[in-house]
Amino acid sequence: MARSLCILLLAAAAAFIYIQVSLFATQSHYADRLAQAEKSENQCTSQLRSLIDQVSSQQEKIVALEEMKIRQDEERAHLKILIQDLEKRSVQTLVNNNVVCTVVPVAAVVVMACNRPDYLQRTVESILKYQTSVASKFPLFISQDGINGEVKKKALSYNEITYMQHLDLEPVRTERPGELIAYYKIAKHYKWALDELFIKHNFARVIILEDDMEIAPDFFDYFEAAAKLLDNDKTIMAVSSWNDNGQKQFVYDPNFTYWDDWVRLKEVHRDRQFIRPEVCRTYNFGEHGSSMGQFFRQYLEPIKLNDVHIKWNSEDLSYLKMDKFLIQFGKDVSSATPLHGSDAALKAHNMDADVRIQYNDQEDFERIARQFGIFEEWKDGIPRTAYKGVVVFRYKSSRRRIYLVGPDSLGLLRV
C-alpha cells in the first residue's frame, strides 16, 4: 500500500510540475504579446505626436500668413492714403501756383510712365521746353503704373508736375492665348488715369503722351487750335499728333492736317474720326518697351518731327469741318491721275502730278504698300492712316501726293 501511495504522490507531483510549466509557458507567451503591444502603442504614440507637431507647425504657418496678409492690407491702405494725400497736395500746389490766373485749361497733359526713368526724363525735358510758357493752359501730370522707385523719384523731382500712381496688384487674365499681358496692364492704367483726370479733376480734355516721346515746338499751339474743332464737331472723336506714315520721305507740308479713321474698330469709333497732322508733332524714341521694338527701325526711327513753329491759332482750319473736308478731299482724290496695273508704283515714279491707285482688297493693298514702303497693317477692314479707305502720302518728300484708294472709296467720298 505504501508503494501505491508513493506512485500516486509521484503522479501528482508530475501533474503539478506539468501545470506549472504550462502556466509559465502561457505567461511567457502573453508577456511577449504584451511587450509587442506596448511597442506598437509607443510607435503609435510617437507617430501621433509627430502628426500633432506637423499640424501645429502648419497652423503656425497659416497664422503667420494671415498676419502677413493683414499687415500687407494695412500697408496697402496706408500707401493709398499717402498717395491720395500726395495727389491732393500736388493739385493744391498747382492751384496755388495759378491762383492769380483766370485762364481755363485747354487740356491736362499726362505722361504715362512705368519703369523707364531715363526715358521719362528725356520726355519731360522735351515737354517743359515748350510747356512752361503755357503751363496754366496745359497743366502737366505724370501717371506711373506700378512701384518702380527710380521712376517715382524722378517724377517727384519736378515741382511743376502733379504726380499720380496707379497700383493694381490683381492678376491679369487675357482674353485669348498668347496675348501680351503688358497690353492689358497698359489698358487698365489708361482707364484709371483718364478717370482721374476727367472725373476726379474735372478736365474737359486730356492730352496723352507716353514716356518715350519728344514734342514739336508748336505742339501746344496745335492742340489749342484743334480743341475748338473738337468742341464744335461731334463727328471728331479726338485729335492726334501722330501720322503712322509720317516718315521723312512721305511728308512735305507741316501746315496740313487730315481726317483719319484712326480707331478702326467699328464698335469703338462709331462713325467718328480723328484729326492728324501730315508732319508729326511727336517723335517716339522708345526702341525698348512693351512692344519689344516692333517696327522701330523701319517705321518709327525715320519719323519726321516737325521743327517749324506754326501759329495754329492764326490758321484757317475751317477746311477740317466734316462737310468741307469730305467735299475737298473727294475733289483732290478724283482729280488725281488714275494708274492701273501691277506696275502702278513704277508708273507713279515717272509721273509729275498727284496719282491715285486702286486696291481691291487687303492682299492687294499690302502688295502696293510694300512697293512704296508705307505701313501695310490692316485692321477691321481699314488700313493705317486711311479715311474712307483712302491712304494718302507724299512721294519722296515732294508736293506730289499718292492716293491709295479702296474699291468703295469714291462712293464714300460722294464722288
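Among the helices (runs of 4 or more DSSP H) lying completely within the range 293-376, list those that include at least 3 residues that are within 29 Å of Asp271 (Cα to Cα).
Here the list reads 322-335, 362-372.
In the list Tyr183, Tyr158, Tyr119, which residue meets the criterion of being surrounded by 14 or more Cβ atoms within 10 Å (Cβ to Cβ), in contact (Cβ under 8 Å) with a residue 40 or more places away in the chain and of a type in the set (Ser, Thr, Tyr)?
Residue meeting the stated conditions: Tyr119.
Among His201, His189, which is surrounded by fewer than 19 Cβ atoms within 10 Å (Cβ to Cβ) and not acidic (Asp, Glu)?
Result: His201 is the single residue among His201, His189 that is surrounded by fewer than 19 Cβ atoms within 10 Å (Cβ to Cβ) and not acidic (Asp, Glu).
Can you name the residue in the range 405-415 that is aliphatic (A, V, I, L, M) and part of a loop (DSSP other than H, G, I, E, B) and, of all such residues, is surrounded by the most Cβ atoms within 10 Å (Cβ to Cβ)?
This residue is Leu413.
If you scan the range 117-147, which residues turn out to be among the charged types (D, E, K, R) and in a helix (DSSP H, G or I)?
Asp118, Arg122, Glu125, Lys129
What tally of residues in the range 371-404 results from selecting those that are surrounded by fewer than 19 Cβ atoms within 10 Å (Cβ to Cβ), out of contact with any helix residue (DSSP H, G or I) (no Cβ under 8 Å at 6 or more places or on another chain) and within 17 Å of Val355 (Cα to Cα)?
3
Between a first residue in the range 221-239 that is assigned to a helix (DSSP H, G or I) and a second residue that is modelled with pLDDT of 90 or more and surrounded by fewer than 17 Cβ atoms within 10 Å (Cβ to Cβ), which pairs have beta carbons less than 6 Å apart while being 6 or more apart in sequence or on different chains?
Close Cβ pairs satisfying both conditions: Ala225/Asn313.
For residues that are of a type in the set (A, V, I, L, M) and closer than 14 Å to Val111 by Cβ, scanning just the range 204-244, find the one that is surrounded by the fewest Cβ atoms within 10 Å (Cβ to Cβ).
So the residue we want is Val206.
Taking the condition of being touching a helix residue (DSSP H, G or I) at 6+ places or on another chain (Cβ under 8 Å), of a type in the set (A, V, I, L, M) and closer than 19 Å to Val415 by Cβ, how many residues in the range 321-352 meet it?
Within the range 321-352, residues that are touching a helix residue (DSSP H, G or I) at 6+ places or on another chain (Cβ under 8 Å), of a type in the set (A, V, I, L, M) and closer than 19 Å to Val415 by Cβ number 2.
Could you tell me which numbered condition His340 fails, if it satisfies all but one of (1) in contact with a strand residue (DSSP E or B) (Cβ under 8 Å, 6 or more places away or on another chain); (2) open to solvent by less than 80 Å² (accessible area, probe 1.4 Å)?
(2)
The values are calculated or read from the model by the stated rules, or taken from the named source; none is laboratory data. Since the structure is predicted, the reported quantities are computational estimates derived from the model, not experimental observations. Neighbour counts are summed over all protein chains in view; Cβ atoms, including those assigned to glycine, are modelled from backbone coordinates with ideal geometry. Each accessible area value is taken on the protein alone, full model and side chains, heavy atoms only, with ligands, DNA and RNA left out. Shrake-Rupley method; radii C 1.70, N 1.55, O 1.52, S 1.80 Å.
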